[in-house]
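**Q** First, the structure itself, so that you have it in front of you.
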Amino acid sequence: MNKEQNTNAESFEQCLKCTVCTVYCPMVAVNPDYPGPKQAGPDGERYRLKNPVFYDDALDLCLNCKRCEVACPSNVKIGDIIQSARLKYSSKKPKLRDFILANTDIMGTMASTMAPVVNFTLGLKPVKAVMDGVLAVDHHRTFPKYAGQRFETWFKRYALKKQEEYTKKVSYFHGCYANYNNPKLAKDFVKIMNAIGYGVNLLEKEKCCGVALISNGFKNQAIKQANLNLGSIRKAVGRGEPILTTSSTCTFTMRDEYAHILELDNSDVRSSIALATKFIFELVDAGKVKLVFKDDYRKRIAYHTPCHMEKLGWAIYSTSLVKMIPGVDFNMLDSQCCGIAGTYGFKKEHYEDSQKIGESLFRQIRDLNLDMVATDCETCKWQIEMSTGVQVENPISIIADALDVEATQKANR
Amino acid sequence: MSKEYDVIIVGGGATGAGTARDCAMRGLKTLLLERHDLSAGATGRNHGLLHSGARYAVTDQESAEECIRENMILRKVARHCVEETDGLFITLPEDDLGFQSTFVDACRRAGINAEAIDPKEAIRLEPSVNKNLIGAVKVPDGAVDPFRLTMANVLDARLHGAEVLTYHEVTAVVKEGDRVVGVEVYDVHTKEKKTLRSRLVINAGGIWGHHIAELAGATVNMFPAKGALLIFGHRVNNLVINRCRKPADADILVPGDTICLIGTTSSRLPYDQIDDMKVTADEVDLLLREGEKLAPELAYTRILRAYAGVRPLVAADNDPSGRSISRGIVCLDHETRDGIPGFITITGGKLMTYRLMAEWATDLACKKLGVDKPCQTADIPLPGSDITEEDRYASGSDLGGKAARGRHGSRSVEIKHKDRYDESLVCECEGVSIAEVNYAIDTLDAKNITNLRRRTRLGMGTCQGELCACRAAGLLSKANGCARKSVEDLATFMNERWKGMFPVSWGDTLSEAQFTSWIYEGVCGLDAFDKKEE
Amino acid sequence: MRFDTVIIGGGLSGLVAGIDLVRKGQKCLIVSSGQSALHFFSGSFELCNKENDPMKAIASLDACHPYSKLGAERVEALAARVKPFFAELGLNFKGDASANHWRMTPLGVMKRAWLTLDEYATFESETEMPWKKVSVLNIDGFLDFHTSYIAAALEAKGVEVAVASLSAPQFDKLRESPTEMRSTNISKTIIGEFVDALAEQINGKTDGSDAVLMPAVAGLTGTAEVERLKELVKVPFHFLPTLPPSTPGIRIQMMLKKYFQQQGGVYMLGDSVTEGRFEDGKLKSIKTLNNEDTEFEADNFILATGSFFSKGIVASQNGVAEPVFGLDVDADSDRTNWYQRNMFDAQPYMTFGVATDEEFRAKKDGRPVVNLYVVGSVLSGFNAIKDGCGAGVSILTSLNAADQIMNL
């Protein structure tokens, strides 16, 4: 806050009505029902302060991609204003469907216990029809597959003990996706960290970061989970360990949304929460760590910048790492929303908009004849794989696959 | 031979409009004349405070009683112009808490429902209030929109047969012997002069009434006291916040529509400067300093503009502050006072008592014209007022429609959507649609962008016209068929906005001003249309 | 992280400097706290529009003007590099520094210009129009462009004008939103097969006209759509600028940024510099909001943060300051001296900016920071509007700084 300028860094009043945000809003371009970031955000906020009836349910259409904030020349937290308004004023009751989609870890726990059944069932046409009809989850969606064995289970059983060999330690926030759907990513992370001489600890307790709860309107539950995570994170930071993640969305949520939307004070640990790619790149860049790659790794890869990665401003780290692999023919895709926006695109009423938003990205990907797309977000992965048929991997998995583990271990001893 | 009116009222502020309505309702053949636009003078340059009268309770019991009576009447007859917010009179540590009981007693004597409440309760009711307060009194203050109020009176005057001419300046008062029989007017648009005859002329020119009286050969010494105010970018408070002490500078913070405003200062002004008031840096600093004591958040809130109004007080003594003078109503019968039959002056008073002033003036006029009809303005609602608070603020996704209902009340049904573009917003800050702009042009006498602003709030929001003014000029150009005139009007409007902005241009306000200049001067070349008249 | 040069500010100035440096092999980082003033581009760059001959006008500028600091010879030499600079990126401009040409504003006013993007209308004379009859078209329901202003201006110059509007379901859908029918959103619909259909519609409305004028609402991401329209429309086809946002301006921004990145530059958008580490009169490194623990080190730094609009300098109740490093500013300390009462008079605040030495190096506490170059609107000593030189100062001082860094 700056008293002398009569401005408040958190204020919607820094908006100069320049309309730049509207240019970069993916939703405005496809759906005229959405009032656009300027109207939904700073303009609307003045009216909502006058009288809450000026709240407009069309704010539900906001993807919370924050591309408006990244574009804003005046540092207006447009996306935050919109999300906060939704949590404060929306009178709509979230649906059962929203509850299911929002509770990624409850779903995950249930589903991974019975993974083969669930995967089989979710893939069945009649089941998809029921989900579409009753739950309004669009039938085009391929539900992410659930793995049979959770990462946590694997880690405790097979990897925990080995971590004691390392004096340097990091804590890992794996998130729901790596735990339930893609344990390989988490295992790849452990593999790389161990290879460069770092042991991995899990957090004492970990819950879903809460991104889906926030976007589906479950603020109180989100706060509960955030507090639990922050408690565990504080303990790890107390041990001197950075908290690393493999999802741009979890990272962004814990660093920024906890403070801006849930109004929790995370300032003591915010800078300790980082994407693994940033942590590893900075070690390599500072000459503290060496990565040795396999000679025969050959891939044509393009990087897609997830919205929350754009907001974090960290694409540079993931892309620089991938570019270090000698056999990679690297391409950069235009930074734009893929349309899924977490659970948004799963909802039947949003399916069409979701696909339209991603259309030019999909075209770009198809035209490039790629072996795979690299991206740091799991939901972008689902959307791009479903829409283009091109395989999508997290940069951590790409590094892990290309890494000559033994040579790397040797180089870092 | 032009037709003769029963009464010609000079001055299109709230008082003149109210008088025109009252006269017309009592069956008089009425003409209202205004040299600029409706509510362009003191009416549009004040707090917009629906006084409970509490402010005057200790110092001026009579004014306090008038206020609370009119307050209750306006809540009934001008619902769409009023926000029933309630108000607080707070005592800060540096104030004398002992004054509170004197204050509450005086309020009660005047019939004002004043209730001392726990400071904690005050914070709960109004979270923006200074948390250091040591005392609080709740009173039935509110907000009133003077532009809408004046317009509603004009609309109703017309419905009752009155004629209204804006941009008609009175250049002479026509007399036959000592008797006033009409006025000579200059039509600003056609640049023609003509004589209009009437049995009575009522001078409702506010501070400018000093000059009108002179034209009639009478002397009414007006006391021009300037009051400066600041408008903030959004509603910081939802209750009016006052200081519980003897009236002083910058001790009222009023929420009004989407903004809030702090005021006022009080200083003497030479009569020849009433048309060219400047808000000084010292006044701005004082308003901010005092305002922050009421609501500390103001220190971090964008200031949209600064402006000043002139209190039309009738000079009774040589008080330099102008504050100890009663804000009482002065209704002068110049026939008995000065031997000038056919001429009445209604002045003094305040926005809150405009209706009562109109009643007094009309009573006198009726007496002189031998008309025996009672005043009904306290009972019959103004056009637009016929709406419940639920309907006025019903939910929905159409911002323009919702905002228009808030502004025009039940009259908003007149805002018709003729084609599919009519819902488009011209002014995005204040939610003014094409349909509302067209309604203001067709029905509310909006002839230029400044008129549109007063009718609709167009250009009153955060960007002060940056985004909407050019669009509004385009719509006006369609309506009046002259592109050049519209662009000249655009230059005048942007310059008028700047005059309110520059005294507070730092922080975001300066960034906005620079951006506006880049667009309108750099990209558009609007400077080519500047009239350079000042 | 280490770079050769770190540039703070990613608008026209920052990108021109960045591109020039990466082309010369430097490793560059641009930190930009948001999108730039190119989003309000008029279609033209101005070098100095006070007279027909820009170089003559430049000769009469104040000594504190950045051009005066560069010197006329240097200005001329730098200006000559600009057109090829943009052409290499696929951005073609008309005009040159030997004589200004004219452009038409959204209000129909004629203004002098130095370089105008190819697809916009330009004129040799202020009063003599090259056409007898012109069709002025607008998109049905688009509020940020008014045919009546253009028609009135052209008619006053003796041109016959036919006004018409273009309609299509795509536009109708946009107008379902009360606010979002903006130039850029219109341009997002003018793609693919619709370009051809639109061209056909335009052809149906050009009857007997020598040229077609319409608002600049096509070609957001590239020039393909504009080229296609030009090809298909049977009479000469020109854009006129709109109220913001500016579709072609955003295209320029996107193309400059993409080119910079393709040449190996790193562009961090939506991030702000929070602090700098100074040592022995040099800036050693900076930190940013998003990368709070990372030091970005460089040999040289360029400050291209813009004026008040983009917070390159900020004003408070009691003065003007440079917010990133607390650099010295040239500004009057008494705010009553910042303004003229008439909006259209030269506003003193417009000339405020960061104080520099003769080499455009920023001053801090009265002494130059020898590796921190200041470019563009954040510089003090000029009024971009009144001198008609905003883009010229941005581009020329940026190229100059790049030269200084490369010791050219």
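Since every read-out is calculated from the coordinates, none of them should be taken as a lab result. As the structure is a computational prediction, the values presented were derived from the model and not from experiment. Please note: Cβ atoms are built from the backbone with ideal geometry, for glycine as well, and neighbour counts cover all protein chains shown.
**Q** By its C-alpha gyration tensor, with a ≥ b ≥ c as the square roots of the eigenvalues, how is the range C:121-240 shaped: rounded for a/c under 1.5, else prolate for a/b larger than b/c, else oblate? Intermediate results must be reported in sequence, preceding the final value.
**A** Details: a/c = 1.88, a/b = 1.49, b/c = 1.26.
Judged from the Cα gyration tensor, the range C:121-240 comes out prolate (a/c at least 1.5, a/b above b/c).
**Q** Exceeding 31 Å between C-alpha atoms, which entries from my cross-link table qualify? They are A:K50/A:K92; C:K83/C:K230; A:K66/A:K410.
**A** Flagged as over cut-off: A:K66/A:K410.
**Q** Determine the calculated [θ] at 222 nm for chain A from helices alone, applying -39500 (n - 2.57) to every DSSP H run no shorter than 4 residues and normalising by the residue count; nearest 500 deg cm²/dmol.
**A** -12500 deg cm²/dmol
**Q** Moving to a separate point now. For an R0 of 56 angstrom, estimate the FRET efficiency from the Cβ-Cβ distance between C:A168 and B:R109 and round to the nearest 0.05. Don't skip to the end; give the middle numbers.
**A** Values: r = 70 Å, r/R0 = 1.26.
Efficiency at R0 = 56 Å is approximately 0.20.
**Q** Rank the residues B:T336, A:T277 as a footprinting-exposure proxy: fewest other Cβ atoms within 10 Å of their Cβ go first.
**A** So the residues, fewest neighbours to most, are B:T336, A:T277.
**Q** I want to check the label-to-label distance for C:A87 and C:Q201. Put each point 7 Å from Cα in the C-beta direction and report it in nm to one decimal.
**A** 3.6 nm
**Q** Sticking with this one: Using +1 at the C-beta of Lys and Arg and -1 at the C-beta of Asp and Glu, which of B:T443, B:G431, B:L510 has the Cα lying farthest in the positive direction of the dipole of the range B:389-529?
**A** B:T443
**Q** Specify the angular offset, from 0 to 90 degrees and rounded to the nearest 10, of the alpha carbon long axis of helix A:276-285 from the longest principal axis of the alpha carbons in chain A.
**A** 60 degrees
**Q** When ranked by the protection proxy of mean other Cβ atoms within 10 Å per residue, highest first, what sequence do the peptides B:144-151, B:269-276, B:500-507 form?
**A** Output ranking for B:144-151, B:269-276, B:500-507: B:144-151, B:500-507, B:269-276.
**Q** Which of the listed residues, C:A17, C:L143, C:S44, is farthest toward the dipole's positive end in the range C:6-147, when Lys, Arg count +1 and Asp, Glu count -1 at the beta-carbon?
**A** C:A17
**Q** Follow-up question, since we're still on this one. Run the reach check for C:K157 against lysines, Cα to Cα strictly under 16 Å, same-chain hits fewer than 8 apart removed. What comes back?
**A** Within the straight-line limit of under 16 Å, C:K157 reaches these lysines: C:K111, C:K132, C:K133.
**Q** Counting partner chain Cβ atoms within 10 Å of every residue's Cβ in B:298-304, what's the average?
**A** 6
**Q** Cut-off under 24 Å on the C-alpha distance; same-chain residues fewer than 8 positions from B:K278 excluded. Which lysines are left, in chain and number order?
**A** Qualifying lysines at Cα under 24 Å: B:K226, B:K350, B:K499, B:K531, B:K532.
**Q** If you don't mind, there's one more thing I want to ask. Taking beta carbons within 10 Å but only from partner chains, what does the mean come to for residues B:496-507?
**A** 6
**Q** Subtract the Cα-Cα distance of B:E4 and B:A394 from 0.36 nm times their separation in residues, and report this length gain in nm to one decimal. If you can, show how the numbers build up before the last one.
**A** Working: separation 390, 0.36 × 390 = 140.40 nm, distance 4.64 nm.
My answer for the length gained is 135.8 nm.
**Q** Using modelled backbone amide H atoms (1.01 Å from N, in-plane), which distant-in-sequence or interchain residues come within less than 5 Å of B:V330's amide H?
**A** Amide H to amide H, under 5 Å and 5 or more residues apart or across chains, B:V330 pairs with B:T347, B:G348, B:G349.
**Q** How much FRET efficiency would the formula 1/(1 + (r/R0)^6) give for B:I117 and A:Y89, where r is the Cβ-Cβ distance and R0 is 30 Å, rounded to 0.05?
**A** Efficiency for this residue pair is about 0.60.
**Q** Estimate the FRET efficiency between A:E406 and C:N318 by the formula 1/(1 + (r/R0)^6), using the beta-carbon distance for r and 51 Å for R0, to the nearest 0.05.
**A** Values: r = 65 Å, r/R0 = 1.27.
That gives a FRET efficiency of 0.20.
**Q** Tell me the Rg and the Dmax, in Å, that the Cα atoms of the protein assembly as shown produce.
**A** In order Rg, Dmax, the Cα atoms of the protein assembly as shown give 33.7, 117 Å.
**Q** As I understand it, the dipole of chain B uses +1 on the Cβ of Lys and Arg and -1 on the Cβ of Asp and Glu, about the Cα centre. Which of B:A14, B:A479, B:S52 lies farthest toward its positive end?
**A** Looking along the dipole axis, the top candidate is B:A479.
**Q** Please order C:Y267, B:Y393, B:Y307 by the number of other Cβ within 10 Å, starting at the fewest.
**A** Least to most surrounded, the residues fall as B:Y393, B:Y307, C:Y267.
**Q** Compute the label zone of C:E51 within the range C:77-91: residues whose backbone N is under 15 Å from the point 7 Å along Cα-to-Cβ.
**A** none
**Q** Across the residues of A:45-58, average count of Cβ atoms on other protein chains within 10 Å? Don't skip to the answer; put the middle values down first.
**A** Details: counts 1, 11, 12, 2, 8, 12, 10, 2, 8, 9, 2, 6, 3, 2.
Averaged over the peptide's residues, the number is 6.
**Q** Another question, if that's okay. Over 22 Å between Cα atoms, which of A:K290/C:K287; B:K29/B:K367; B:K418/C:K205; C:K69/C:K386; A:K168/A:K290; A:K95/A:K348 qualify? List each step's numbers first, then the result.
**A** Working: A:K290/C:K287 25 Å; B:K29/B:K367 15 Å; B:K418/C:K205 25 Å; C:K69/C:K386 18 Å; A:K168/A:K290 16 Å; A:K95/A:K348 13 Å.
Checking Cα-Cα distances, A:K290/C:K287; B:K418/C:K205 exceed 22 Å.
**Q** Separate question: Quick one: Karplus J couplings for the range A:162-173, per residue in order, coefficients 6.51, -1.76, 1.60, θ = phi - 60°, nearest Hz, x for Gly and Pro?
**A** Ordered by residue, 3J(HN,Hα) equals 4, 5, 5, 5, 9, 8, 7, 10, 10, 9, 10, 9 Hz.
**Q** Spin-label point model (7 Å from Cα, Cβ direction): what's the B:H211 to B:L165 distance in nm?
**A** Going from the B:H211 label point to the B:L165 one covers 1.8 nm.
**Q** Starting from the Cα of A:K347, draw a straight line to each of the aspartates and glutamates and keep only those under 14 Å, dropping any in the same chain fewer than 8 residues away.
**A** Straight-distance partners of A:K347: A:D60, A:D98, A:D132, A:D138.
**Q** Separation between the B:I380 and C:S60 pseudo-spin-labels, each 7 Å from Cα along Cα→Cβ, expressed in nm?
**A** 6.6 nm
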